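Coordinate-derived values only; no laboratory data. Note that this is a predicted model, so its numbers are computed, not measured. Using ideal geometry, Cβ is built from the backbone for each residue, glycine included, and neighbour counts are taken over all protein chains shown.
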Amino acid sequence: MDNLASRCAWAIKTIATDHNLDRGITDVALAKILGTDKNTLSRYRREKGLLKGEVIDNLVHHYHFHPMWLFFNEGEPFPGARAKYKDVCGPEPSAGPTYIKEEQSAYVAGAAQKINIDDAMGKTYKVLSSGTPYAVALHLNIQQFSGALDATQELKVCQDSIADLQAQVDTLRRQVDSLTAPPASSDQQVGSLEKKAM
């Protein structure tokens, strides 16, 4: 399977036969879930016709097919597939992008560079409105990055809350320590009073 169409065809065939996916589902029901019709689904199964982005999006979101497998044949088709379908699994996904251009490497290295938002938005619009597999890939990446950003922000809020709670606990601990400290002995109190009197 060397292209997106063949991997999507395999995914559509496997959904209806794998008990971990949707074994026994009818073409009509599967087509509805994927956002297409029975005839188009049949063409996709034979690797014919232009794949709609909605179909790929539903393979990813409804059936949990990995975008990296669908687009680049990296990793396993869906969680746990490597145990049963080793022959269709690609290499394990790389830790990061493997095709970074030299001018982009500064971003990866963490250098502070300003992104031209207007230019980036224009290019993003161009790709997303193209109706090509690139549009689907970009859309899925945007969804993943957006989710990661949301999770990072939620984590930061949690970390800040934990730091605030720790400060409150430390303050309460000091107050408890001062309240539970043994009282000074009467000899020490007398000595303290004598010093004050002098």
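Quick notes
- Footprinting exposure proxy ranking of C8, C158, fewest other C-beta atoms within 10 angstrom first, gives C158, C8.
- Net length gained if the chain between N116 and T17 were fully extended (0.36 nm per residue, minus Cα distance): 30.9 nm
- Here is the tail figure for the range 1-57: Cα pairs spaced more than 16 Å apart come to 35 percent of all pairs.
- Projected label distance in nm at Y134 and T152, using a 7 Å step from Cα toward the beta-carbon: 2.5 nm
- Entries in K48/K126; K38/K84; K13/K38; K13/K86 that, when Cα-Cα distance is taken, lie over 18 Å: K48/K126; K38/K84
- Quotient of Cα Rg and 2.2 N^0.38 Å for the range 115-183, N being how many residues it contains: 2.21
- Size of charge dipole - the range 115-183 - debye, nearest 20, with Cβ of Lys, Arg +1 and Asp, Glu -1, no other charges: 160 debye
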